[in-house]
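Reviewing the structure listed below.
The values are calculated or read from the model by the stated rules, or taken from the named source; none is laboratory data. Note that the structure is a prediction, hence the values are computed from the model and not measured. What goes into the accessible areas is simple: the full protein's heavy atoms, side chains included, and nothing from ligands, DNA or RNA. Shrake-Rupley method; radii C 1.70, N 1.55, O 1.52, S 1.80 Å.
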Amino acid sequence: DYSRNILQFAHSTMAARSRVEAFCFGTRLTRITPSLRRRDPDEALAMAGEEVVDWAGGTRIGASLDTFVRRYARRGMARGALVVICSDGLDRGDPELLDSALERLGRLCHRIIWMNPMKGDDIEFVPTSLGMSVALPHIDDVWSGHSLANLEDFAGSLAAIR
């Protein structure tokens, strides 16, 4: 359900804005922007779901962000951008790789916002996972991302975040 909510959020955000890119990461990074550009939301979500082959393989956030920085961000995709990472921060990869990838990404983009479903409605949320502990020094804000309503509220706030 969480993955579907995130994909719906990405699809609706892309429909409203032309300069949005979307990626999924599990054990590897998958660019799903072309699929989510489809007008029909069900078709877009189905196509994106077919492209991502590692839904249940564990999350390697550092390796995925490292790939993003090397392949996309340094070529200009992240320059001055608002980068939104939607994840619980439960990373099975190398914490040092996550640290270095976020440090490099932070130098390229304007802001990094991490939407964490574990935050829920807890305004005093303190993440305890290793991935989030490594990420915190590099991110500008942690938002809740536990429901589609949360994601819609966030999307409505995007213009004010810049």
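Tabulated values for the structure
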{"read-out": "Kirkwood Rh and Cα Rg combined as Rg over Rh, evaluated for segment 72-162", "value": "0.96"}
{"read-out": "Contour minus Cα-Cα distance for D121 and E103 (0.36 nm per residue)", "value": "3.7 nm"}
{"read-out": "GNM top mover of A15, A135, A101 - the chain, alpha-carbon springs below 10 Å", "value": "A15"}
{"read-out": "Accessible-area ranking of F25, F68, largest first, probe 1.4 Å", "value": "F25, F68"}
{"read-out": "Share of alpha-carbon pairs per 5 Å distance bin for the chain, given as whole %", "value": "2, 9, 18, 23, 24, 17, 7, 1, 0"}
{"read-out": "Probe 1.4 Å, accessible area per residue of segment 74-162, Å²", "value": "54"}
{"read-out": "Accessible-area composition of the chain, carbon plus sulfur, in percent [1.4 Å probe]", "value": "48"}
